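Enquirer: I have a structure here, written as structure tokens, and I will follow up with some questions on it.
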Amino acid sequence: MSATILSGKEFAEAIKREVAAEIAALSFKPCLAVVRVGEDPASAVYVGSKVRTAEELGIISEHRHMPAETTQAELMRVVNELNSRDDVDGILVQLPLPPQIDEREVLEAIDPEKDVDGFHPVNVGKLWQGQRSLVPCTPAGVIEILKRSGIGIAGMNAVVIGRSNIVGKPMAALLIKESATVTICHSKTSDLAAVASQADILVAAIGRAGFVRAEHIKPGATVIDVGINNVTSEDLARELFGEDEIDKRLNTIAKRGFTLVGDVCPKDAKAKAGAFTPVPGGVGLLTVAMLMKNTIEAAKARRG
Ligand code: NAD
């Protein structure tokens, strides 16, 4: 039997509708400031989509694009200015930052009440203590997918592959909060397949195209694919995609030079999992929706 595809589109649209309705009921318009430094092409796409979505939902957005040679002091000045402004509810500094910038100093300078990415140590600490906080958008989106799909989390064995501060660690904290039994795996885990294949809920946040194969998947498991990778090789595409999808993917490679693939082999997930998120069209769509949700949470908390 083929696994259910957990499409992120419907969930992201529902969250955005809910946020828009909440904004319409407020006596003010929340404001999100997005700071981008340099010319990273992926960052430009992500920031564009964040600013566009904010505007669609009635959030005022302020896009600060600073040159690649921006100094630490210049960036800190912008963060401090946005911190001190009463009309700004959320501040997001798009990562990665150029090499001359100390990323940690910048993220720690953001007012925790405006930290809509949830990366400030105060918000990280609150998350691990199970307190209300601003939560990183991608793992928060994964929880929304699970809940809105009616997939039970409490008491389940959850395995998270990846231990980054952006995805893996907050993902584990959120799954613990939802009462799953959680294991975090990483590049030094021995016999990863033996651990992963015990998971009722398997979350892959690795950054390696199609890494998770049949031997990592427990039959009937829910597989959440956070990875976003460009695949340029037709041979790898043939390995990862089944007959139903391969022609489309090969066409995309021919046209654009690459196709987007997650950390999970879609052919294997389809054959062995109970449900899985596609790439594109899965977790990624939820990330932007959750950023909007965080912006309105921050605005409500700040302005009462
Ligand atoms: P990262 O590079 O910071 O972390 C990757 C993690 O994978 C590390 O903790 C590492 O230990 C682990 N890892 C690497 N090789 C491994 C191996 N062979 N076996 C087991 N573990 C291994 O990456 P990240 O920022 O956490 O992002 C992970 C992926 O998710 C990337 O593809 C990224 O593009 C994607 N991502 C997607 C979204 C979204 O909105 N969908 C958001 C953030 C990141």
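The values are calculated or read from the model by the stated rules, or taken from the named source; none is laboratory data. On a predicted model such as this, the values are computed, not experimentally measured, just so you know. When we count neighbours, we look across all protein chains shown, and the Cβ atoms used for this are built from the backbone with ideal geometry, even at glycine. Accessible surface is based on the protein model in full, side chains and every heavy atom, while ligands, DNA and RNA are left aside. Shrake-Rupley method; radii C 1.70, N 1.55, O 1.52, S 1.80 Å.
Enquirer: If residue 19 passes every condition in (1) under 20 Å from the mean Cα position of the chain (by Cα); (2) without any contact (Cβ under 8 Å) to a residue 40 or more places away in the chain; (3) open to solvent by less than 30 Å² (accessible area, probe 1.4 Å) but one, which one does it miss?
Expert: Among (1) under 20 Å from the mean Cα position of the chain (by Cα); (2) without any contact (Cβ under 8 Å) to a residue 40 or more places away in the chain; (3) open to solvent by less than 30 Å² (accessible area, probe 1.4 Å), residue 19 violates only (2).
Enquirer: While we're looking at this one, here's another question. So which of 107, 174, 127 is away from the ligand (no atom under 15 Å from the Cβ) and either touching a residue at least 12 places away in the same chain (Cβ under 8 Å) or closer than 30 Å to residue 68 by Cβ (or both)? Even if it seems obvious, please write down each step before you answer.
Expert: On the way: 107 fails: away from the ligand (no atom under 15 Å from the Cβ); 174 fails: away from the ligand (no atom under 15 Å from the Cβ).
None of the others qualify; the one that does is 127.
Enquirer: Across segment 86-97, what is the number of residues that are in contact with a strand residue (DSSP E or B) (Cβ under 6 Å, 6 or more places away or on another chain) and either in contact (Cβ under 8 Å) with a residue 60 or more places away in the chain or not aliphatic (A, V, I, L, M) (or both)? Break it down into steps so the answer makes sense when it comes.
Expert: Kept after step one, since they are in contact with a strand residue (DSSP E or B) (Cβ under 6 Å, 6 or more places away or on another chain), are these residues of segment 86-97: 87-94, 97.
Restricting the remaining residues to those that are either in contact (Cβ under 8 Å) with a residue 60 or more places away in the chain or not aliphatic (A, V, I, L, M) (or both) gives 87, 89-90, 92, 94, 97.
Number of matching residues: 6.
Enquirer: Taking the condition of being open to solvent by 40 Å² or more (accessible area, probe 1.4 Å), of a type outside the set (A, V, I, L, M), over 21 Å from residue 110 (Cα atoms) and in a helix (DSSP H, G or I), how many residues in segment 22-54 meet it?
Expert: So the answer is 3.
Enquirer: Right, here's the next one. Applying the selection to segment 135-151, what residues are open to solvent by less than 10 Å² (accessible area, probe 1.4 Å) and more than 17 Å from the chain's Cα centre (by Cα)?
Expert: none
Enquirer: Here's something else I'd like to know. Is it the case, given these coordinates, that residue 302 is closer than 30 Å to residue 59 by Cα, out of contact with any Gly (no Cβ under 7 Å at 6 or more places or on another chain), of a type outside the set (Phe, Trp, Tyr) and in a helix (DSSP H, G or I)?
Expert: Details: closer than 30 Å to residue 59 by Cα: yes; out of contact with any Gly (no Cβ under 7 Å at 6 or more places or on another chain): yes; of a type outside the set (Phe, Trp, Tyr): yes; in a helix (DSSP H, G or I): yes.
Against the criterion (closer than 30 Å to residue 59 by Cα, out of contact with any Gly (no Cβ under 7 Å at 6 or more places or on another chain), of a type outside the set (Phe, Trp, Tyr) and in a helix (DSSP H, G or I)), residue 302 qualifies.
Enquirer: Just name the residue that is surrounded by the most Cβ atoms within 10 Å (Cβ to Cβ) out of those in segment 177-187 that are near the ligand (Cβ under 8 Å from one of its atoms) and closer than 26 Å to residue 290 by Cα.
Expert: Applying the first criterion (near the ligand (Cβ under 8 Å from one of its atoms)) to segment 177-187 yields 185-187.
Okay, now just the ones that are also closer than 26 Å to residue 290 by Cα, so 185-186.
On the way: 185: 23, 186: 13.
Restricting to residues being near the ligand (Cβ under 8 Å from one of its atoms) and closer than 26 Å to residue 290 by Cα, the top hit is 185.
Matching residues to (1) of a type in the set (Asp, Glu); (2) surrounded by fewer than 17 Cβ atoms within 10 Å (Cβ to Cβ); (3) more than 25 Å from residue 213 (Cα to Cα); (4) over 16 Å from the mean Cα position of the chain (by Cα):
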site	(1), (2), (3), (4)
129	no, yes, yes, yes
133	no, no, yes, yes
153	no, no, no, yes
156	no, no, no, yes
189	no, yes, no, yes
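Enquirer: I'd like to check something: does segment 202-211 contain any residue that is near the ligand (Cβ under 10 Å from one of its atoms), open to solvent by 20 Å² or more (accessible area, probe 1.4 Å) and on the phi > 0 side of the Ramachandran plot?
Expert: Checked segment 202-211: at least one residue is near the ligand (Cβ under 10 Å from one of its atoms), open to solvent by 20 Å² or more (accessible area, probe 1.4 Å) and on the phi > 0 side of the Ramachandran plot.
Enquirer: Are there any strands (runs of 3 or more DSSP E) wholly within segment 217-276 with 1 or more residues that are open to solvent by 80 Å² or more (accessible area, probe 1.4 Å), and if so which? Give the derivation first.
Expert: Values: elements: 222-225, 229-231, 259-261.
Of the strands (runs of 3 or more DSSP E) lying wholly inside segment 217-276, those with at least 1 residues that are open to solvent by 80 Å² or more (accessible area, probe 1.4 Å) span 229-231.
Enquirer: In segment 277-304, how many residues are open to solvent by 30 Å² or more (accessible area, probe 1.4 Å), at negative phi and away from the ligand (no atom under 16 Å from the Cβ)?
Expert: The total comes to 5.
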